[in-house]
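Asks: Following this message is one structure expressed as structure tokens.
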Amino acid sequence: MLQLLLLLLFWLLANFQLLESRMQAVKIRGIFQCGAEIPHNATIELWDEDEPLINFVHEFFNQKKGINPDDKLFTTHPNTDGSFEISAMHEELTKLSLYMVVYHQCEHLFHFKYNQFKDREFQRWRRFIFRIPGQYVNDGEEAIKVFDLGTWNLQFKFMDEELIISCGETNFKHCLSKYPEYSPYLELLWKNFNLGIW
């Protein structure tokens, strides 16, 4: 059995040079709301999750360098009515494995004197991620089917949602060390978000 697996692996490695990446396309649309408001400053990103081992072997045999773990394919923002549309194409050896990342500030938390230090370059974003079904990805430069998300109210808190707190170019931990006088407020803000206190 081991010999068979080794032979199969050798055959795959020997023929990887013959494999070619192909252009693939996807189209997504939807509407984001924040209650009765429109989250104009929300950012919507489309990413392709690469298969590290397969792409490494392919790039090794084709003498390509510069491997990226994931590829950002598209970035957009909601229109004045909250609608958005993504049309993207990407060349990849394997079938695209797509996910969408959404950053927004719906339902801001204004607890614990946040207004007193919001001018200190602090930014807070809610972030959630979800997968795009593979059946909406097809070969070619134009999508055949449209993945329609429908209407989403961003007041809803997703199970795996994260709170991103940053100050300038630094992350949350750097904010705590950069502005120690505000650490109690930031830590409480973080704790309340995780507890679902709005």
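Asks: Please report R131, R126 as a ranked list, fewest other C-beta atoms within 10 angstrom at the top and most at the bottom.
Replies: Listed from fewest to most nearby Cβ atoms, that is R131, R126.
Asks: Enumerate the amide H contacts of L154 below 5 Å, restricted to partners 5 or more residues apart or on another chain; note that Pro and chain-start residues carry no placed amide H.
Replies: Long-range HN contacts for L154: Q33, C34, G35.
Asks: Same structure, new question: Please compare each pair in K27/K72; K27/K157; K95/K145 to a cut-off of 21 Å on the Cα-Cα distance and tell me which ones are over it.
Replies: K27/K157
A short reminder: the numbers here are calculations on the coordinates, not readings from a lab. These figures come from a predicted structure and were not determined experimentally. FYI the Cβ positions are ideal-geometry reconstructions off the backbone, even for glycines, and counts take in every protein chain you see.
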